[in-house]
Amino acid sequence: MAESTDCHKAQQDFPKVLILKPIPFINLVGEQYFASNKFTFVEAYDSSLPLHQFLSTHSPSIKAILSSVGAPPITSDILHLLPEVGLVVTTSVGLNQVDLLECRRRGIKVANAGSIFSDDVADFAVGLLIDVLRKVSASDGYVRKGLWATKGDYPLGSKLGGKRIGIVGLGNIGFAVAKRLEAFRCSISYNSRKRKPHVSYPFYESVCELAANCDVLVICCELTDHTHHMINKEVLSALGKEGVIVNIGRGAIINEKEMVQCLVQGEIAGAGLDVFENEPDVPLELFAMDNVVLSPHVAVFTPESFLDLRDLVVGNLEAFFSNKPLLSKFGDW
Amino acid sequence: MKSIGVLMTCPMHKYLEQQLETHFNLFKLWHCNSSITEFLKTHQGNTIRAVVGDTNIGVDAELIASFPNLEIVASYSVGLDKIDLRKCEEKGIRVANTPDVLTDDVADLAIGLILGVLRRICASDVYVRIGKWKDADFGLATKFSGKSVGIVGLGRIGTAIAKRAEAFGCSISYFSRSQKPFANYKFYSNIIDLATSCQILIVACALTEETRHIIDREVIDALGPKGILINIGRGAHVDETELVSALLEGRLGGAGLDVYENEPEVPEELLGLGNVVLQPHVGSDTVETSDAMADLVISNLKAHFSNKPLLTPVI
């Protein structure tokens with residue numbers, strides 16, 4: 001009895017890692033797989049206290065924050081209430097939900113999901129693209145409704161081979177997409193914040209120019225102030241009536257209203273979308289279209305990725321609490 | 001050439017039909033209920049010097065016997081399983097098909113089927129459209145990159161599939177009639193061994209007497225509950241009854257199918273399954289490839305009737 005009390009007491013002394021909102025990934029993998037003898041989680045959502053009060057109460061022991069997509073953003077207000085925090089770990093690659101300037105100012109380290117999702121996200125992007133061009137989901141539905149036997153052959157799709165692919169954001173994910181599509185005999189060009197020195201793909205200064213010179217745009221960049229609504233009516237018109245867009249970045253990189261209008265009016269030929277501006281809300285107009293493939297933000301959702309992510313999250317936290325270098329540090333501070 | 005009688009066995013592609021009409025004296029078998037007997041009631045059998053068939057209606061012994069002046073069969077397909085090749089050879093009838101121009105599209109679809117099944121893309125599209133995302137997250141799929149891929153038949157299409165799968169970091173192995181000297185992939189002389197060793201088994205060989213039902217219960221069980229089967233060959237490559245029961249019983253993890261034993265019929269039991277992707281035989285069905293195939297059919301016919309070598313001869 002005494003032993004277990006000691007254990008329990010010891011755990012209570014562990015540094016706390018704050019979670020603001022339930023993280024689906026933890027539930028999917030299983031909470032027990034995040035157990036560590038270096039830290040313990042404290043869940044703000046489990047408390048009946050209003051958030052600010054909860055944070056003030058626990059702030060002395062909260063040393064790190066685990067943030068995820070869809071959770072409340074880690075703002076300067078929140079960081080102000082948690083002066084002991086030295087690390088923010090995110091389960092995503094994107095960091096648009098974290099006030100990075102404030103973290104830097106306070107010397108708070110940041111770790112993200114590094115490149116562990118790159119393969120899965122790139123795979124999914126290619127899958128969405130093939131689906132849109134070859135009408136895989138649409139004709140799968142056609143078969144399931146028994147229409148092949150009654151209505152005859154499904155309308156022809158469009159060949160992937162030879163298409164000019166424009167990658168928006170040539171980071172780990174963009175590069176992985178490019179490498180895959182090259183095997184399908186596609187040609188690759190890209191737009192990024194800066195030209196990449198050791199890359200032979202043609203670089204375009206503006207995303208509009210990229211769109212004008214390719215048949216497919218694949219959005220692989222981060223959501224920042226600069227990239228917010230970067231894909232708008234102008235870019236989509238440049239992409240053209242035969243053009244297809246695939247988004248596995250963030251919904252808000254595309255001006256969704258304008259994209260929907262372009263699709264409705266046939267200004268572009270189709271879209272493969274894993275992300276939307278107001279998930280889980282999806283513009284109703286898209287539901288009627290068979291040249292659009294929709295998925296519920298699952299480009300990273302494989303057990304293999306999740307186990308890798310679990311290792312990375314736990315690894316980063318344990319490294320931090322052991323004063324060792326982070327596994328996937330973001331930023332130069 | 002406008003007087004040369006060419007019979008098209010069924011509607012295949014509007015552009016092909018138009019081209020045949022432009023260059024030859026085209027007869028459409030489906031205007032006679034797709035029946036040779038009906039056709040011969042109103043047409044002279046000896047007017048037909050060429051037949052254009054496809055994977056639906058090809059050229060069998062009955063057709064060959066009905067058209068004594070038949071010189072060439074130009075198939076709007078690469079597969080030759082619907083053509084009585086022995087009879088053609090016996091009668092000195094030339095045969096041409098459409099290789100190469102459709103290789104990329106079929107290989108692309110194979111990868112599309114893999115991703116559709118493993119990453120549940122089709123299922124998630126349905127999930128979003130019926131409004132389920134608002135209630136709950138979709139759940140996990142399975143990673144494709146890095147998985148082991150086994151290819152049955154390392155011909156043009158099999159090789160193209162291998163090249164694409166390699167870009168996803170997959171390991172490639174294959175089963176073929178004989179080992180391919182140029183291929184850097186692991187060769188299995190036994191299809192059971194191939195199925196045991198891989199997670200994704202892809203059928204990409206020609207349909208012959210030897211390969212009929214090459215995917216049987218034993219192969220399916222060797223592939224196993226975590227394995228998936230992709231068929232872009234012919235429906236008859238797979239024992240469909242065994243495939244259905246394996247999927248229903250969970251002995252096979254999933255399947256991506258473009259072909260079936262009795263097209264356009266698809267086993268009803270498959271229609272409700274979330275771990276299958278079903279395509280209506282669309283392997284080469286893009287505008288670009290359909291036109292390229294049509295051009296090749298026309299070119300072969302023109303070459304033959306100009307006494308020039310066929311571009312893509314089989315016999």
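Brief remarks follow.
- Amide H partners (placed H, <5 Å) of A:V42, local residues excluded: A:V17, A:L18, A:I19
- Summed side-chain charge close to B:R49 - residues other than B:R49 whose Cβ falls under 12 Å, Lys, Arg +1, Asp, Glu -1: 0
- For chain B: relative contact order, % (alpha-carbon pairs under 8 angstrom, 6 or more apart): 17
- Cα Rg, Dmax, chain A, angstrom units: 22.5, 75
- Applied to the stretch B:249-258, the Karplus parametrisation 6.51 cos²θ - 1.76 cosθ + 1.60 on θ = phi - 60° returns per-residue 3J(HN,Hα) values of 8, x, 7, 10, x, x, 8, x, 10, 10 Hz, with x for Gly and Pro.
- Only protein atoms count toward the accessible area here, which uses a 1.4 Å probe; on the stretch A:118-294, the carbon and sulfur part of that area reaches 49 percent.
- For the stretch B:81-131, the spherically averaged projection of the C-alpha convex hull amounts to 5.7 nm².
- Area accessible to solvent at B:Y188, 1.4 Å probe radius, in Å²: 40
- Other-chain or far-sequence residues with amide H under 5 Å of B:G146's (modelled H): B:G169, B:C170
- Each DSSP beta bridge with both residues in the stretch A:205-311 is either parallel or antiparallel, and the antiparallel ones are about 10%.
- Rolling a 1.4 Å probe over the protein chains gives B:H13 an accessible area of about 20 Å².
- Amide H contacts of B:I230 (H built 1.01 Å from N, under 5 Å, at least 5 apart or other chain): B:L201, B:I202, B:V203, B:G256
- For the stretch B:102-278, the per residue solvent-accessible surface stands at 38 Å², with DNA, RNA and ligands left out and a 1.4 Å probe.
- Between B and A, buried accessible area from a 1.4 angstrom probe totals roughly 4900 Å², ignoring ligands, DNA and RNA.
- Which of B:I130, A:I62 is most accessible, then next, and so on - probe 1.4 Å: B:I130, A:I62
- Test item: B:282-289 mean partner chain Cβ contacts at 10 Å: 6
- Euclidean distance between Cα centres, the stretch A:42-87 to the stretch B:1-59, Å: 75
- Taken per residue, the accessible surface of the stretch A:118-294 reaches 40 Å², heavy atoms only and a 1.4 Å probe.
- C-alpha center-to-center spacing [the stretch A:295-325, the stretch A:248-275] in angstrom: 30
- Fraction of beta bridges assigned by DSSP in chain A that are antiparallel (%, nearest 5): 10
- For A:F117, the accessible area of its heavy atoms, probed at 1.4 Å with every protein chain present, is near 10 square angstrom.
- The fraction of accessible area contributed by carbon and sulfur in the stretch B:1-125 is 46 percent, rounded to a whole number (1.4 Å probe; ligands and nucleic acids excluded).
- Counting only residues at least eight positions apart within a chain, or on another chain, the aspartates and glutamates with an alpha carbon under 16 Å from that of B:K132 are A:D274, A:E279, A:D281.
- Only beta bridges with both residues in the protein assembly as shown are counted; by DSSP, about 5 percent of them are antiparallel.
- Kirkwood estimate for the stretch A:118-294, i.e. one over the average of 1/r between Cα atoms, Å: 16.3
- 3J(HN,Hα) along the stretch B:137-153: 5, 6, x, 8, 10, 9, 5, 9, 3, x, 6, 8, 10, x, 10, 9, x Hz, from the Karplus curve 6.51 cos²θ - 1.76 cosθ + 1.60 with θ = phi - 60°, whole Hz, x for Gly and Pro.
- Note on A:301-308: average number of Cβ atoms from other chains within 10 Å of each residue's Cβ is 5.
- Reachable lysines from A:K151, criterion Cα separation under 18 angstrom, eight or more residues apart if same chain: A:K135, B:K14
- Across the protein chains, with a 1.4 Å probe defining accessible surface, the residues B:D60, A:D77, A:D225, B:D239 rank A:D225, A:D77, B:D60, B:D239 from largest area downward.
- Over 32 Å (Cα to Cα) - which of A:K38/B:K226; A:K109/A:K257; B:K91/B:K302; A:K159/B:K28; A:K145/B:K134; B:K186/B:K302 fall in this group: A:K38/B:K226; A:K109/A:K257; B:K186/B:K302
- Counts of other chain beta carbons within 10 angstrom of each beta carbon in peptide B:131-142 average 6.
- Cα centroid separation, the stretch A:125-155 to the stretch B:259-315 (Å): 16
- Counted charge near B:L248, where neighbours are those whose Cβ lies closer than 13 Å (Asp, Glu -1; Lys, Arg +1): -4
- Solvent-accessible surface of protein heavy atoms, probed at 1.4 angstrom with all chains present, puts A:S67, B:S189, A:S237 in the order B:S189, A:S237, A:S67, largest first.
- Whole-Hz ³J(HN,Hα) from phi, Karplus 6.51 cos²θ - 1.76 cosθ + 1.60, for the stretch B:52-65, glycine and proline x: 10, x, 8, 6, 7, 10, x, 10, 9, 4, 4, 5, 4, 5
The values are calculated or read from the model by the stated rules, or taken from the named source; none is laboratory data. Because the structure is predicted, anything quoted here is derived from the model rather than measured. Because the Cβ atoms are built from the backbone with ideal geometry, glycine has one as well, and the counts that use them run over all protein chains shown. Side chains included, ligands, DNA and RNA excluded: accessible areas come from the protein's heavy atoms. Shrake-Rupley method; radii C 1.70, N 1.55, O 1.52, S 1.80 Å.
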